[in-house]
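Below is one structure, written out as structure tokens; the observations come after it.
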Amino acid sequence: MNTIITIGRQYGSGGKEVGKKLSEYYNIPFYDKELLKIAARESGICEEMFESYDEKPTTSFLYSLVMDPYALGYNASSFDMPLNQKVFLAAFDAIKKVADEGPCIIVGRCADYALKDYENKLNVFIHAPMSFKKHRIHEQYNIPLDKVKDEAVKIDKQRASYYNYYTSKKWGDLKSYDLSIDSSIFGIDGTVELIKNAIDLKEKSVNPQSE
């Protein structure tokens with residue numbers, strides 16, 4: 001298996017769970033928030049900065065200016081760059097670093113865009129209707145049922161804003177991905193099987209002799 005799988009996902013649709021199952025099946029690394037630690041270590045920017053900007057819309061320019069002194073050092077030539085931009089570029093570099101090390105699963109964080117020049121990737125987007133996501137969110141994140149929808153809408157808006165701001169594409173748009181799956185139709189395990197089948201087909205098309 002030589003494919004890097006990037007997973008964009010709606011909140012509560014099971015994207016992280018699908019990614020972990022694929023990681024276990026193929027015995028390859030899984031990266032979600034782990035990327036923040038790698039980016040912090042490689043860039044010298046404190047990890048808290050990555051957490052505060054992680055898949056969230058850009059904060060005010062004033063905030064960036066105020067916080068900037070704490071982040072200088074990622075790249076001396078870029079210290080006139082707003083902090084959010086530095087943090088994104090450091091995360092971008094971390095994504096490329098783990099991809100260069102071999103097949104892996106990367107959840108969120110514009111990984112499909114960061115790896116746009118990599119031919120051995122499969123970009124997946126996982127979504128589901130609120131009726132499917134509601135109880136998953138309630139059980140996994142201990143959010144009251146009457147607050148679930150508002151929380152899901154808020155987080156998906158943040159993810160969309162982050163993605164749309166930093167890429168030339170639109171979050172959730174079919175054209176942005178190779179495979180878009182409604183996890184409510186196939187279930188989590190069925191979604192995993194679909195992606196495995198897609199990987200097999202992709203790798204056979206690249207290496208027909210492997211059949």
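The values are calculated or read from the model by the stated rules, or taken from the named source; none is laboratory data. Since the model is a prediction, treat every value here as computed from it, not as a measurement. Heads up, the Cβs are rebuilt from the backbone with ideal geometry, glycines too, and the neighbour counts pull from every protein chain shown. For the accessible areas, the whole protein counts, side chains as well, though only heavy atoms, and no ligand, DNA or RNA atoms are used. Shrake-Rupley method; radii C 1.70, N 1.55, O 1.52, S 1.80 Å.
Details
- The stretch 143-199 - residue that is in a loop (DSSP other than H, G, I, E, B) and in contact (Cβ under 8 Å) with a residue 40 or more places away in the chain and, of those, farthest from residue 115 (Cα to Cα): 172
- Restricting the stretch 159-181 to residues that are of a type outside the set (S, T, N, Q) and within 20 Å of residue 23 (Cα to Cα), the residue that is surrounded by the fewest Cβ atoms within 10 Å (Cβ to Cβ) is 178.
- Whichever residue in the stretch 180-211 is of a type in the set (Val, Ile, Thr) and at pLDDT 95 or above and, among such residues, is nearest to residue 2 (Cα to Cα): 199
- Figure legend. Inter-residue proximity from the stretch 86-107: first residues over 13 Å from residue 120 (Cβ atoms), second residues assigned to a helix (DSSP H, G or I) and among the basic types (Lys, Arg), beta-carbon distance below 6 Å, spacing 6+ or different chains. Indicated pairs: 107/16.
- Within the stretch 106-131, the set of residues being assigned to a strand (DSSP E or B), of a type outside the set (A, V, I, L, M) and farther than 23 Å from residue 39 by Cα comprises 125, 127.
- The test for being charged (D, E, K, R), farther than 16 Å from residue 13 by Cβ and crowded, with 17+ Cβ neighbours inside 10 Å does not hold for residue 136.
- Residue match in the stretch 94-110 (condition: among the aliphatic types (A, V, I, L, M), surrounded by 22 or more Cβ atoms within 10 Å (Cβ to Cβ), closer than 18 Å to residue 51 by Cα and at pLDDT below 95): yes
- Of the residues making up the stretch 182-193, those that are within 16 Å of residue 26 (Cα to Cα) and crowded, with 17+ Cβ neighbours inside 10 Å are 191, 192.
- Considering the stretch 22-65, the residues that are modelled with pLDDT of 85 or more, in a helix (DSSP H, G or I) and aromatic (Phe, Trp, Tyr) include one that is nearest to residue 188 (Cα to Cα), namely 25.
- Any hit, the stretch 139-149, residues being open to solvent by less than 60 Å² (accessible area, probe 1.4 Å) and touching a Phe, Trp or Tyr at 6+ places or on another chain (Cβ under 8 Å): no
- Residue count for the stretch 30-44, restricted to those that are within 16 Å of the chain's Cα centre (by Cα), more than 12 Å from residue 6 (Cα to Cα) and touching a residue at least 40 places away in the same chain (Cβ under 8 Å): 4
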